[in-house]
1. Quick check on the range 1-11: of everything there that is open to solvent by 60 Å² or more (accessible area, probe 1.4 Å) and of a type in the set (A, V, I, L, M), which residue is modelled with the highest pLDDT?
2. Cβ contacts < 6 Å: first residue touching a residue at least 40 places away in the same chain (Cβ under 8 Å), restricted to the range 138-163; second residue in a helix (DSSP H, G or I) and of a type outside the set (A, V, I, L, M, F, W, C), any location; separation 6+ or different chain. Result?
3. List pairs: first in the range 118-134 and farther than 24 Å from residue 100 by Cβ, second open to solvent by less than 20 Å² (accessible area, probe 1.4 Å) and polar (S, T, N, Q), Cβ under 9 Å, 6+ apart or cross-chain?
4. Would you pick out the residues in the range 108-139 that are part of a helix (DSSP H, G or I) and open to solvent by less than 20 Å² (accessible area, probe 1.4 Å)?
5. Does any residue in the range 20-49 that is open to solvent by 50 Å² or more (accessible area, probe 1.4 Å) come within less than 7 Å, Cβ to Cβ, of a residue that is among the β-branched types (Val, Ile, Thr) six or more places away or on a different chain, and which pairs are these?
6. Of the numbered conditions (1) closer than 29 Å to residue 56 by Cβ; (2) modelled with pLDDT of 85 or more; (3) surrounded by fewer than 22 Cβ atoms within 10 Å (Cβ to Cβ); (4) small (Gly, Ala, Ser), residue 171 fails exactly one; give the number of that condition.
7. Consider the range 141-164. How many of its residues are open to solvent by 20 Å² or more (accessible area, probe 1.4 Å) and part of a helix (DSSP H, G or I)?
8. In the list 95, 89, which residue meets the criterion of being free of Cβ contacts under 8 Å to residues at least 40 places away in the same chain and closer than 25 Å to residue 48 by Cβ?
Amino acid sequence: MLKSTVAVNRFMHSLARLESPLSATERTFAEARRFGGTRILDPAPVQSIPSELIRNVDFIAPNQNEAEALPGRPNACMIRNLAEARLLADELLGAGSRGVVLKLGHLGYYVTTADWIGGIPAFDVEAADTTGARDTSNAEFAVSLSEGAPLLKAAQFASAAAAISVTLSGARNSIPTRNVEEKYRTDTRKAVC
């Protein structure tokens, strides 16, 4: 029995990046799937992703650079708008992921599943330091889902958290508290895409 099974059984949400050995991520996601847990994969750093791993992913969540460089993409191109984001999301859904959360910088987020498709406008902020924005976004998305937020709200929360984080310097110092994030979402929402 894997040690990760205990964590998966207890917390029901798994978030991984490709910095860990692929075999560990594959085992963790397989166990999470067995227990009905939600599996979120941030495919960084970009590398070949085994098809078995993709089939065990609920949400694949690349940023724009990773999305453009994912191996095996037959239609690789720079994502310049939400229509191009939709093409990529369809490719990733076709590969076996049940959901896609594309983090597209100034274009916002593009989120799709078999049942839902939509763009989340970016917040209009002046970035000071992007260090930690990815981790902040991923963590907020996973936490929001674990708290029962619907997909759209979880992606909006992740977008708000990332927007706040890029306005501050440093990885740890830029992670917003929930109170700051909620105030920011309600006070300063500006669509730019």
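1. Looking at residues that are open to solvent by 60 Å² or more (accessible area, probe 1.4 Å) and of a type in the set (A, V, I, L, M), I get 6.
2. Matching pairs, first to second residue: 158/137; 158/140; 162/136; 162/137.
3. Qualifying pairs under 9 Å: 128/174; 129/165; 129/174; 131/165; 131/174.
4. 133, 136, 137, 138
5. Close Cβ pairs satisfying both conditions: 35/8.
6. Only one criterion is unmet by residue 171, namely (2).
7. Residues flagged as open to solvent by 20 Å² or more (accessible area, probe 1.4 Å) and part of a helix (DSSP H, G or I) within the range 141-164 amount to 8.
8. Exactly one residue qualifies, and that residue is 89.
The values are calculated or read from the model by the stated rules, or taken from the named source; none is laboratory data. The model shown is predicted, which means the values in this text are computed figures rather than measured ones. All Cβ positions, glycine included, derive from the backbone under ideal geometry; neighbour counts span all protein chains shown. Just the protein is used for accessible areas: all its heavy atoms, side chains included, with ligands, DNA and RNA removed. Shrake-Rupley method; radii C 1.70, N 1.55, O 1.52, S 1.80 Å.
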